[in-house]
Amino acid sequence: MRIADVLRNKGPAVVTVDPGMSVSTLIGELARHNVGALVVTENDAVVGIVTERDVVRRIHERGPDILNGQVADIMTTSVFACLPTDTVDSLAETMTERRIRHLPVIVDGQLVGIVSIGDVVKSRIGELQTERDQLESYIDHG
């Protein structure tokens, strides 16, 4: 299965934030959209990603005053991304090796989706269920 298939099932919607947004507003956006990460864009270009983990770690390191700071102060700027043509298996490997839970999907510099580890697991479970159903059908009718 390819990432394009995952996006087709979940949809291409991606919530983005501006690097100048306050961290406290960011927290509200994470909660409002019930997501663990938001892609940071500036002039339609991906400039970072910010996760709940980034927020928690920065509060621990710098104290609660970071809530008045900007997303740019806490975001990860080294963003790993994937393509719609990548396989779910290769993405699972990348996510596991690099300990990444969210990967933007970028084509020709344009953000076209985001894939989470949950999406990868859901996809893999679906594949296993299909294989199981096919094997059961083969046994029953074979």
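Overview of values
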quantity: Subset of the stretch 99-109 (residues that are without any contact (Cβ under 8 Å) to a residue 24 or more places away in the chain and open to solvent by less than 90 Å² (accessible area, probe 1.4 Å)); calculated: ILE100, LEU103
quantity: Unmet requirement for ALA37, which otherwise passes all of (1) surrounded by fewer than 16 Cβ atoms within 10 Å (Cβ to Cβ); (2) modelled with pLDDT of 95 or more; (3) hydrophobic (A, V, I, L, M, F, W, C); calculated: (1)
quantity: Filtered residues of the stretch 110-142 (kept if open to solvent by less than 70 Å² (accessible area, probe 1.4 Å) and not in a helix (DSSP H, G or I)); calculated: LEU111, VAL112, GLY113, ILE114, VAL115, SER116
quantity: Cβ pairs under 6 Å, 6+ apart, first in the stretch 15-32 and of a type in the set (D, E, K, R), second at pLDDT 95 or above and part of a helix (DSSP H, G or I); calculated: none
quantity: Residue in the stretch 63-84 that is most open to solvent (accessible area, probe 1.4 Å), counting only those that are touching a residue at least 24 places away in the same chain (Cβ under 8 Å), polar (S, T, N, Q) and under 23 Å from GLN110 (Cα atoms); calculated: THR77
quantity: Test: residue in the stretch 12-24 that is open to solvent by 40 Å² or more (accessible area, probe 1.4 Å), under 30 Å from THR130 (Cα atoms) and not aliphatic (A, V, I, L, M); calculated: yes
quantity: Filtered residues of the stretch 96-109 (kept if more than 23 Å from PRO12 (Cβ to Cβ) and either in a strand (DSSP E or B) or polar (S, T, N, Q) (or both)); calculated: THR96
quantity: Filter result for THR96 (under 24 Å from LEU128 (Cα atoms) and exposed (fewer than 15 other Cβ atoms within 10 Å of the Cβ)); calculated: yes
quantity: Some residue of the stretch 46-62 being touching a residue at least 24 places away in the same chain (Cβ under 8 Å), open to solvent by 20 Å² or more (accessible area, probe 1.4 Å) and part of a loop (DSSP other than H, G, I, E, B); calculated: no
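Quick grid of which residues meet (1) over 16 Å from the mean Cα position of the chain (by Cα); (2) modelled with pLDDT of 95 or more; (3) of a type outside the set (Ser, Thr, Tyr):
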position: ALA13; (1), (2), (3): no, no, yes
position: PRO19; (1), (2), (3): yes, yes, yes
position: SER24; (1), (2), (3): yes, yes, no
position: VAL47; (1), (2), (3): no, yes, yes
position: PRO64; (1), (2), (3): yes, no, yes
position: PHE80; (1), (2), (3): no, no, yes
position: THR96; (1), (2), (3): no, no, no
position: VAL105; (1), (2), (3): no, yes, yes
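The values are calculated or read from the model by the stated rules, or taken from the named source; none is laboratory data. As the structure is a prediction and not an experimental result, all values here were calculated from the model. Here Cβ is always computed from backbone atoms with ideal geometry, including for glycine, and neighbour counts include all displayed protein chains. Keep in mind that these areas ignore ligands, DNA and RNA; they rest on the heavy atoms of the full protein, side chains included. Shrake-Rupley method; radii C 1.70, N 1.55, O 1.52, S 1.80 Å.
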